[in-house]
Amino acid sequence: MIVAGEASGEMYGAQIASAIRTLSPDTRFFGMGGNCMREAGVETLVDANVMAVMGLVEVVAHLPTIINGFNTLKNKLHTDPPDLLILIDYPDFNLRLAKVAKKAGIKVLYFISPQVWAWRSHRVHGIGRVVDMMAVLFPFEVPFYQKAGVPVTFVGHPLLDLVKPTMRRDEALASLGLDPQRRCVGLFPGSRHAEVKKLLPVILDAARILKERMPDLQFVLPRASSLKEEDLAPYLSGAGLEVAVIAGRNHDVMTACDAVIAASGTVVMELALVGVPHVIIYKMSRFTYEVGKRVINVPHIGISNIVAEKRMVQELLQDEAEPLPIANEIDALLNNPGYAAAMRDDFAAMRVKLGSGGALGRVARLAMEMMK
């Protein structure tokens, strides 16, 4: 059973399933995921697209859906127990499912550690009781788990393999139907419906400010696999702004961009690996934000900034995530070559910290060892 709760996680789940099937062609897969996992031959008992919510208030609003999905998987663990349960990120949901699996005698491999090193660090002891192996992305996570006596393996970051642009900037622009002679700004509002609702109007307002300052700008928005055209249409139709919406070509879109406005998430790591200057933004419910800032004990929210151990990329959160500050940051990235170049140098140094590729293959081999 493979369980992933959002777009990036289910993309990894699909790759892991394919890698395991290469090693063991007769392996059967089921669990929770989206289009990528279905295409990889995973029977999705629960659709991850309806489960991807973030924030205390947002989770409460979707609680019936989340509970129903959890119960579906819980029942499957009892009625058709797998040889191994692979959990990918999505910690509050997945750690509860791990507890069910552990009681049922099912081995648990957890890939992409909950950020216990950032907040609620006491959870590490509970994780050790329900997880047989933690496969982590970052070297600094290993001693944290070892100190708590939790079995851990550093596998590296899968984006090192998955983020491999194949075009030059001008080629990417032309292939996307954009003008190679004009500068391009990417609008990345996130993959969750709640993120789009909170962030896309602000992003579009910032884009309008930029268009007024630099009329030659063009804008592109990559549509996440978890979103449909109709999810974006209400915001774009009344924006008074021409935005090219591209589905399924995220890395080509990144390559085409001179700068990007990005919702915090996996995408900021992808942008750093591609080498695209960007600004990180995020908004959540006031209650979630007030609780979060009191319990999170890292100085950054962008995972690339955390890995780099410095503020490579500007983070505009909550009340700071407004059109004018966002537009000013993108303006600086476009018109201050030294600023953008320094950011690219930081990205290159961060990449070295992540080690070599092959992460998902290591997870697959780890899974096969655990099923012996």
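Considering V202, V245, V163, which residue is open to solvent by less than 60 Å² (accessible area, probe 1.4 Å) and within 28 Å of Q318 (Cβ to Cβ)?
None of the others qualify; the one that does is V202.
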Quick check: is even one residue across the range 342-358 assigned to a helix (DSSP H, G or I), touching a Pro at 6+ places or on another chain (Cβ under 8 Å) and open to solvent by 30 Å² or more (accessible area, probe 1.4 Å)?
-> yes
Consider R123 carefully, then state whether it is of a type in the set (K, R), over 19 Å from A48 (Cβ atoms) and open to solvent by less than 60 Å² (accessible area, probe 1.4 Å).
-> yes
All positions within the range 298-334 that are over 25 Å from Q115 (Cβ atoms) and surrounded by fewer than 13 Cβ atoms within 10 Å (Cβ to Cβ) | L324
Which pairs do you get when a residue that is touching a residue at least 40 places away in the same chain (Cβ under 8 Å), found in the range 167-180, comes within reach of a residue that is surrounded by fewer than 20 Cβ atoms within 10 Å (Cβ to Cβ) and among the aliphatic types (A, V, I, L, M), reach meaning Cβ atoms under 7 angstrom, with the pair 6+ apart or on two chains?
-> S175/M167; L176/A244; L176/I246; G177/A244; L178/A244
Out of all the residues in the range 83-90, is one or more in a loop (DSSP other than H, G, I, E, B), open to solvent by less than 40 Å² (accessible area, probe 1.4 Å) and over 19 Å from I20 (Cβ atoms)?
-> yes
Counting only residues that are part of a loop (DSSP other than H, G, I, E, B) and either touching a strand residue (DSSP E or B) at 6+ places or on another chain (Cβ under 9 Å) or hydroxyl-bearing (S, T, Y) (or both), how many does the range 132-146 have?
-> 4
Got at least one residue in the range 112-131 being within 21 Å of the chain's Cα centre (by Cα) and not in a loop (DSSP other than H, G, I, E, B)?
-> yes
If you go through the range 205-238 one residue at a time, how many are in contact (Cβ under 8 Å) with a residue 60 or more places away in the chain, of a type outside the set (A, V, I, L, M, F, W, C), open to solvent by less than 50 Å² (accessible area, probe 1.4 Å) and in a helix (DSSP H, G or I)?
-> 0
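To keep it simple, each residue is scored yes or no on (1) assigned to a strand (DSSP E or B); (2) in contact with a Lys or Arg (Cβ under 7 Å, 6 or more places away or on another chain); (3) open to solvent by less than 50 Å² (accessible area, probe 1.4 Å).
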position	(1), (2), (3)
Y12	no, no, yes
T22	no, no, no
T27	no, yes, yes
R38	no, no, no
V46	yes, no, yes
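The values are calculated or read from the model by the stated rules, or taken from the named source; none is laboratory data. The structure presented is a predicted model; accordingly, all values stated were derived computationally and were not measured. So basically every Cβ, Gly included, is an ideal-geometry build from the backbone, and we count neighbours across all protein chains shown. SASA here: full protein model, heavy atoms, side chains in, ligands and nucleic acids out. Shrake-Rupley method; radii C 1.70, N 1.55, O 1.52, S 1.80 Å.
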